[in-house]
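The values are calculated or read from the model by the stated rules, or taken from the named source; none is laboratory data. On a predicted model such as this, the values are computed, not experimentally measured, just so you know. Counting neighbours? That spans all protein chains shown, and the Cβs are built from the backbone with ideal geometry, glycine included. Surface accessibility is based on the protein's heavy atoms, side chains included, excluding ligands, DNA and RNA. Shrake-Rupley method; radii C 1.70, N 1.55, O 1.52, S 1.80 Å.
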Amino acid sequence: MFEMAISAGEMIVRALIVYLFLLVALRLTGKRQISESSPFDFVLLLIVADGVQNSMSGGDESLQGGLITAATLFAIDHLIGIISFKSKKAADIIDGIPQVLIYNGKINDKLVKKEKMTKHEIDESLRQEGCTRLDQVKLAVLENNGSISVIKKEDK
């Protein structure tokens, strides 16, 4: 119970590498994937979590190993939060930046393609904001968390 298979230092480095890898992988999959999870996304998350667990612990199943790995992950997350808070450039890289999806009723097709959004997903977000037609939208923004914010045109 109290013997560790690998050193605490190696466990910390392993946890850091896995955390950074997953952070980059999630950023590369696009904003939409972050907020709109399907059952397939959930299953993938569970499988990835199980798959990387051993790479972080190096096969160490001790109590100390689990606590060191968890503490390392919390520390890395806290450090990234501090870096994002202190540096706008770092925040833009880590969190991403909101992007204009629709401007004056015209869809940004390049962004839609990049984020792999369907017309149905866009229409659903617009309907939730009370817009049934594109020409009712002054501005729609794809936010960092994957949600879509909509500003309707003023009624004349």
For Leu101, residues with placed amide H under 5 Å, excluding near neighbours
Ala140, Val141, Leu142
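Before anything else, pin down the relative contact order of the chain: Cα pairs under 8 Å, at least 6 apart, normalised by residue count, whole percent.
Working: 160 pairs, mean separation 42.9, N = 156.
Relative contact order comes out at 27 percent.
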Ranking Gly51, Gln64, Gly105 by how far each Cα lies towards the positive end of the charge dipole of the chain (+1 on Lys and Arg Cβ, -1 on Asp and Glu Cβ), the top one is Gly105
Output wanted: per-residue J couplings in Hz (rounded whole) for the range 98-103, from phi through Karplus 6.51 cos²θ - 1.76 cosθ + 1.60, θ = phi - 60°, x for Gly and Pro.
x, 10, 6, 8, 9, 10
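Taking all protein chains in place and a 1.4 Å probe, what share, in percent, of the accessible surface of the chain do carbon and sulfur account for?
65
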DSSP H segments from the chain that extend 24 Å or more along their own axis, Cα-based, with Kyte-Doolittle mean of 0.5 or above:
8-28, 39-57, 63-86
Hey, if we sort Lys86, Lys138 by accessible area with the 1.4 Å probe, largest down, what's the order?
Lys86, Lys138
